[in-house]
Amino acid sequence: MIKSFLQNYILPREVDFISGLQAHSLSVHKTIRDLYLCFIKTKEESCSAIIEDEHEAQCIREKNMQELLDAFITPIDRESIYRVISQLDWIAESIRHFVLEAKAYEITTLENTYVAILTILKEQSLALNQGFVNLKKSNASLVAKNAQSVRDNYEKLIELHIQKMAEIAKSNNMRDMFIQREILLQLKEISKRLQICANSLEDIVIKMN
């Protein structure tokens, strides 16, 4: 009874930040999955879901940030938690920017090389989320493998990016060349930010061990 009293009224409340980051990364993965379904499978409901996914990610971000601000003690480095929250939000913002740009150019579907690129983004976001799942399980070796998977997929995407850029450079259609270049840069940015977040995840697990 004394222990319960101390926990409820005196000792600072423990916050499960890792579960919060896991939920945030899952929201990002869902958004990227909807991005694939929207532009590759041309599913209108997935296009609409991207906006809902963004709202969910924003709500999770605000909740995690508020808990971080209110927390007296954190189980892992406070700056590391803040860094990951910001980077996950950064990824969601990049996806939103991509959708806005695609709409501005009246792009409703992406094919050929973009199928492979968006597939890689899905694999990256899934590996990142799985990394937070394994962080929760305190499995450092699996977290490291998940982070490496995100980095390996980034390298694959860069190769596809270069191939596609070389292809469109041969085009005589300057408008199409400009649009394709901008779309590729946005997708590359999403991938890069996923990699940066994976590096921060690995930094957390190193500090915990």
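The values are calculated or read from the model by the stated rules, or taken from the named source; none is laboratory data. In this text the structure is predicted, and so the values were computed from the model without any measurement. Glycine gets a Cβ as well: all are built from the backbone with ideal geometry, and neighbour counts include every protein chain shown. Keep in mind that these areas ignore ligands, DNA and RNA; they rest on the heavy atoms of the full protein, side chains included. Shrake-Rupley method; radii C 1.70, N 1.55, O 1.52, S 1.80 Å.
Counting every alpha-carbon pair across region 151-209, the share separated by more than 18 Å comes to 47%.
Within a straight-line Cα-Cα reach of under 18 Å, Lys164 can be paired with the following lysines, leaving aside sequence neighbours fewer than 8 residues apart in one chain: Lys156, Lys188, Lys192.
Using all pairs of distinct alpha-carbon atoms, the Kirkwood hydrodynamic radius of region 88-145 works out to 13.5 angstrom.
Isolated cysteines of the chain, defined as having no other cysteine beta carbon under 4.7 Å away, are Cys59, Cys197. Once the Cβ-Cβ distance of Glu182 and Glu62 is raised to the sixth power relative to R0 = 35 Å, the FRET efficiency obtained is 0.70.
Straight-line cross-link partners of Lys137 among the lysines, defined as a Cα under 18 Å from its Cα and at least 8 positions apart when in the same chain: Lys145, Lys207. Among 143-153, 171-181, 25-35, the peptide with the highest mean count of other Cβ atoms within 10 Å heads the list, and the full ranking is 25-35, 143-153, 171-181. Once the Cα-Cα distance is subtracted from the 0.36 nm per residue extended length, the Ile107 to Lys41 segment shows a gain of 22.4 nm.
What the chain shows is 54 Å² of accessible area per residue, with the surface traced by a 1.4 Å probe over protein heavy atoms. Estimate the FRET efficiency between Lys207 and Asn172 by the formula 1/(1 + (r/R0)^6), using the beta-carbon distance for r and 45 Å for R0, to the nearest 0.05. E(calc), rounded to 0.05, equals 0.25. Taking 15 Å as the straight-line reach from the Cα of Lys41, the aspartates and glutamates in range (excluding those fewer than 8 positions away in the same chain) are Glu111. Would you mind checking the tilt of helix 78-104 against the longest principal axis of the Cα atoms of the chain, expressed as 0 to 90 degrees and rounded to 10? Helix 78-104 sits roughly 30 degrees off the main axis of the chain. If you take the beta carbon distance between Ala116 and Ser141 as r and set R0 to 22 Å, what does 1/(1 + (r/R0)^6) give as a FRET efficiency, to the nearest 0.05? Given R0 = 22 Å and the Cβ-Cβ separation, E is 0.15.
Across the chain, the relative contact order, built from alpha-carbon pairs under 8 Å that are at least six residues apart, equals 27 percent. Remark: the Trp90-Asp77 segment gains 2.7 nm on full extension, using 0.36 nm per residue and subtracting the alpha carbon distance.
Principal-axis analysis of the Cα atoms of the chain puts helix 44-70 at an angle of about 30° to the longest axis.
Diffusion of the chain by Stokes-Einstein, at 25 °C in a medium of 0.890 mPa s and with Rh set to the Kirkwood radius over alpha-carbon pairs, works out to 134 µm²/s. Nonpolar atom fraction for the chain, defined as the carbon and sulfur part of the 1.4 Å probe accessible area, stands at 54 percent. Axis angle, to the nearest 10 degrees, between helix 113-136 and the longest C-alpha principal axis of the chain: 10 degrees.
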